[in-house]
Amino acid sequence: MNPNDLLAPRLPYADENAPEVAALADRIRAERGGRLPNLYRMLLHSPALAQGWLGFLTAVRQQSSLDPALRELAILRVAILNRSQPEYDAHVTFALKVGLSQDKIDALPHWTGATAFDERARAALALADAMTLDVQVSDEAVAEVVARFGEQQATELIITIAAYNMTTRFLEVLQIDQEAGRQVPSAG
């Protein structure tokens, strides 16, 4: 169980109907399937940053040349390592929609000993681990990712992992409520 499951958010959610944010809240709903996720309800405290966040994360998820399943593997690994239930839950749904198997999702907590992942996925997961746990990444790890993905996709993978470290940390610091019931597995 995530310790934040029983805690209230550290700030109240912004008033999504306030005149200064209503149009942005509507835009977020339009881009997020008619919903205003709790993450954005909190971000609306700073409309300019909420708008920038929306644009940036939309580009990361929808305008990258990365294979969507590999992208979601990396995002899910970051969510597991940072114990972020809201992000894990949201991205299990996205991962399944882009064709990632439940078996691979289930293998993520202990991926280093799993046979479910090919060499590209293993390089992406190793990078997610290094960036999330160590911050300083070895030359060898970066070279492996560049060799397997090329410069553009390596850059996009690094940005994706960094973006979801930012997202999970924002969610966890403010104890933003979970919106569904999947629990984050413990990392191996």
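The values are calculated or read from the model by the stated rules, or taken from the named source; none is laboratory data. None of these values were measured; they are calculated from a predicted model. Counting neighbours? That spans all protein chains shown, and the Cβs are built from the backbone with ideal geometry, glycine included.
Restricting the stretch 6-22 to residues that are of a type outside the set (D, E, K, R) and under 19 Å from Q175 (Cβ atoms) leaves a set whose member that is modelled with the lowest pLDDT is L6. The single residue among R148, R122 that is closer than 21 Å to V184 by Cα and either in the same structural domain as L73 (by TED's automatic domain parsing) or acidic (D, E) (or both) turns out to be R122.
Tally the residues that are of a type in the set (D, E, K, R), modelled with pLDDT under 95 and in a helix (DSSP H, G or I), restricting the search to the stretch 30-42.
Adding up the residues that qualify gives 1.
Filtering the stretch 123-140 to residues that are in a helix (DSSP H, G or I) and surrounded by 16 or more Cβ atoms within 10 Å (Cβ to Cβ) leaves A123, A124, L125, A126, L127, A128, D129, A130, M131, T132.
For the stretch 143-155, does any single residue satisfy the condition of being under 18 Å from R71 (Cβ atoms) and either in contact with a Phe, Trp or Tyr (Cβ under 8 Å, 6 or more places away or on another chain) or modelled with pLDDT under 95 (or both)? So far as the stretch 143-155 goes, no, none of its residues is under 18 Å from R71 (Cβ atoms) and either in contact with a Phe, Trp or Tyr (Cβ under 8 Å, 6 or more places away or on another chain) or modelled with pLDDT under 95 (or both).
Does S84 fit the bill of being under 17 Å from the mean Cα position of the chain (by Cα) and over 29 Å from L7 (Cβ atoms)? So S84 fails the test.
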